[in-house]
Amino acid sequence: MAGDTLCCAQAQHGSAPDIQGQDKANPTSMILSVAMLLNWLGEHRGQPSCPRAGAAIDAAVDAVLADPATRTADLGGALGCRAFGAAAAKRLER
Amino acid sequence: MRFLVLPGDGIGPEIVASAIDVLRQADRTYGLDLAFDYEDVGFASLEKHGTTLRESVLEQARGYDGIILGTQSHADYPAPEQGGRNISAAFRCDLDLYANVRPARSRPFLGRGAHGMDLVIMREATEGFYPDRNMHQGWGEMMPSPDMAISVRKITAHCSERIARRAFELARKRRGRVTAIHKANSFHMTDGLFLREVRKVAADFPDVVLDDLLVDASTAYLVRDPRASTSSSPPISMATSCPTWPANCPAAWAWPDP
């Protein structure tokens, strides 16, 4: 959610208490939301490295989702929430 | 840049932790100079402080470059008088975070869902039917008798104008197209006002194509032809605030996308 001077990254889904604490959640929405926050900062605060990082996160998530071996259980994969985040982070390494 | 991190309830702490892992690596690669401060909200805060959201956290949030908010189990919170404050609503209203920007893009390689969808729903989040945010004082619904409930919906020119403007600005960077979603055939004044403001904004964006759809038709198009709801290519949609999508709620969506 965004205003004129502030931006808040927020996943657009619910809190899924039935799988809470089991490392089963798919963090895609939250990760893409922080990428949107970086894009917003690039636009509103003129931070040129932010949109570059935002675009790289988008691409990293797509690459992780594209590989059946790095999907979370809801998409038929075997990765947990933490490992999915780690796989996306790994793709951002230079 | 300093971010305030609020993990929240349910899977919130887990998905936020993964997102922070990604941000920390992005920081190392792109030199973003990020720092993170954490505060409790939701049940963790209720246990420690007697409220799901302290006023001080909301005030503190104003001083950050960005906020990262996990999920909330607010349907399970106690009544507001017992400390169960709706966190999202408080952030939207008190910090005026009026634009819910909701991208929806299908990934064909996942082999599920509608193919070819690539749109952004821009949803106004500070008025409409929400009883907790459409009144200066009081609550936007009432019960004259145990078997009758009445809801009040507020639409303003100001909030319609600004969500429309954000949608057109975004459309310009995408495919140059906005669809306003509404129910003006029934809600003559409220959705009429919304559409009037959308059209005024459209005049400032001659390079962006505006069309509009009734909310019920829009949902059918999303299923039938997600690539192009009315004409050739995809979009941005813009909607006034509606807690539920079906009829009775006006909305506009703007769909831009390159």
Which residues' amide hydrogens lie under 5 Å from the amide hydrogen of A:K24, considering only partners 5 or more residues apart or on another chain, with H built in the peptide plane? A:C81
Compute the signed sum of charges (Lys and Arg +1, Asp and Glu -1) over the other residues within less than 12 Å, Cβ to Cβ, of B:I181. -3
Counting only other residues whose beta carbon sits under 13 Å from that of B:I11, what net charge do I get with K and R as +1, D and E as -1? -3
Evaluated at q = 0.22, 0.25 Å⁻¹: base-10 log I(q)/I(0), Debye formula over Cα of region A:24-90: -0.82, -0.96
If the chain between B:M148 and B:D132 were fully extended at 0.36 nm per residue, the gain over the current Cα-Cα distance would be 3.8 nm
Nearest-0.05 FRET efficiency for B:K200 and B:E47, computed from C-beta distance (R0 45 Å): 0.40
Name the residue from B:T52, B:Q25, B:G10 whose Cα lies farthest towards the positive end of the charge dipole of region B:2-96, charges +1 on Cβ of Lys and Arg and -1 on Cβ of Asp and Glu. B:Q25
Go through region B:16-33 residue by residue and turn each phi into a ³J(HN,Hα) via Karplus (6.51, -1.76, 1.60, θ = phi - 60°); whole Hz please, and just put x for glycine and proline. 5, 4, 5, 5, 5, 4, 5, 5, 5, 5, 4, 4, 5, 7, 10, x, 7, 6
May I ask you to sort B:R24, B:R224, B:R54 by Cβ crowding, counting other Cβ atoms within 10 Å and putting the fewest first? B:R224, B:R24, B:R54
What percentages make up the Cα-Cα pair-distance distribution of the protein assembly as shown when the bins are 10 Å wide from 0? 6, 23, 33, 28, 10, 1, 0
Mean Cα-pair separation over length for region B:11-164, i.e. relative contact order, pairs under 8 Å, 6 or more apart, %: 15 percent
Can you list the lysines whose alpha carbon is less than 25 Å from that of B:K173, not counting same-chain residues fewer than 8 positions off? B:K200
For chain B, what is the per residue volume of the convex hull drawn over the alpha-carbon atoms, in cubic angstrom? 168 Å³
Based on alpha-carbon positions alone, could you give the equivalent ellipsoid semi-axes of region B:1-134 from the gyration tensor, as √(5λ), descending, whole Å? 27, 22, 16
Any residue on another chain or 5+ positions along whose placed amide H is under 5 Å from the amide H of A:C7 is listed here as B:I67
Full-extension gain in nm, B:R2 to B:D225, via 0.36 nm per residue minus C-alpha separation: 76.1 nm
Projected area averaged over all directions for the convex hull of the alpha carbon atoms of region B:1-56, nm², comes out at 4.0 nm²
For region A:31-46, take each phi angle, set θ = phi - 60°, evaluate the Karplus expression 6.51 cos²θ - 1.76 cosθ + 1.60, and give the result in whole Hz per residue in order, putting x for glycine and proline. 5, 5, 5, 5, 5, 5, 4, 5, 4, 4, 5, x, 6, 8, 10, x
Kirkwood hydrodynamic radius, region B:120-239, all distinct C-alpha pairs: what's the number in Å? 15.3 Å
If each K or R counts +1 and each D or E counts -1, the residues other than A:A25 whose Cβ falls under 10 Å of its Cβ total -1
For B:I121, other-chain or 5+-apart residues with amide H closer than 5 Å (H placed, Pro excluded) are B:R102, B:A104, B:S237
Listing A:V34, B:V5, B:V178 from the residue with the fewest other Cβ atoms within 10 Å to the one with the most, what is the order? B:V5, A:V34, B:V178
Ordered by fewest other Cβ atoms within 10 Å, a rough proxy for footprinting exposure, A:C7, B:C93 read B:C93, A:C7
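Every read-out reported here was derived from the displayed coordinates using simple, explicitly stated rules and does not represent laboratory data. The structure displayed is predicted, hence computed values, not measured ones. With ideal geometry, Cβ positions are generated from the backbone for all residues, glycine too; neighbour counts draw on all protein chains shown.
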